[in-house]
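I have placed the structure first, in the form of structure tokens, so that the comments after it can refer back to it.
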Ligand code: CDP
């Protein structure tokens, strides 16, 4: 069975948590596509050529906790503006989306560009303050030395670059269900996502 769930939205809206929970609930595979851009960004920070980094990306490059830092997120959103880099990462994502047994992909352009045919599309969002507050707590819990004000500034800066870029900007797909998680608990947000995906399954 091929069934693709596309989950898009801005930084720290809760896409990761919701995607993992949806994938676990339905038994689908999950790909956090942000990790592809983060892995390329990390290689660029280490001195690599961006295009070469994208073309030679290996799935094992994604299994790295060091990809979760604000510096790597910043580098990711810079390489993500480049149309050639984005297109070098398309095949990997599209093959993943149509694997047998169902797939959940989360990112910025999954429902709009990577998988416009996805059977279920969600757009997960929340207010910038709320997202920055969650990301701040996440980074703090990992022992990173960050300030709340800096995290909010980073989130706003990245949202702007992701939404204003010419290629595959962050947009709500016309057929996406929007979930604003600002006033929802994780359980409520996950339940809303699962109910929507369930409603899109063939009966
Ligand atoms: O976890 P968070 O939402 O903060 O970020 P992420 O999903 O790991 O994505 C990091 C950066 O990669 C984003 O700010 C985007 O610039 C870029 N990205 C993208 O352009 N397209 C995607 N499908 C996924 C991420």
How would you classify segment 102-203 from its alpha-carbon gyration tensor, with a ≥ b ≥ c the square roots of the eigenvalues: rounded for a/c under 1.5, else prolate if a/b is greater than b/c, otherwise oblate? oblate
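Assuming R0 = 35 Å, what is the FRET efficiency of residue 160 and residue 201, from their Cβ-Cβ distance, to the nearest 0.05?
The calculated FRET efficiency here is 0.45.
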State whether the chain is rounded, prolate or oblate according to the following rule on the C-alpha gyration tensor (a ≥ b ≥ c being the square roots of its eigenvalues): a/c under 1.5 gives rounded; otherwise a/b larger than b/c gives prolate, and the remaining case gives oblate. oblate
For the modelled label position 7 Å from the Cα of residue 138 along Cα-to-Cβ, which residues of segment 55-74 have backbone nitrogen atoms closer than 15 Å? 64-74
With springs connecting C-alpha atoms under 10 Å apart, model the chain as a Gaussian network and identify which of 132, 42, 166 has the largest mean-square fluctuation. 166
For residue 99 and residue 184 in the same chain, what is the full-extension length gain: residue separation times 0.36 nm, less their Cα-Cα distance, in nm? 27.4 nm
Which FRET efficiency value, to the nearest 0.05, do you get for residue 1 and residue 81 by plugging their Cβ-Cβ distance into 1/(1 + (r/R0)^6) with R0 = 35 Å? 0.45
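We did not get these values from a lab; they are worked out from the coordinates using the rules stated. Not measured: the values here are computed from a predicted model. As a convention, Cβ positions derive from the backbone with ideal geometry for all residues, glycine included, and neighbour counts pool all protein chains shown.
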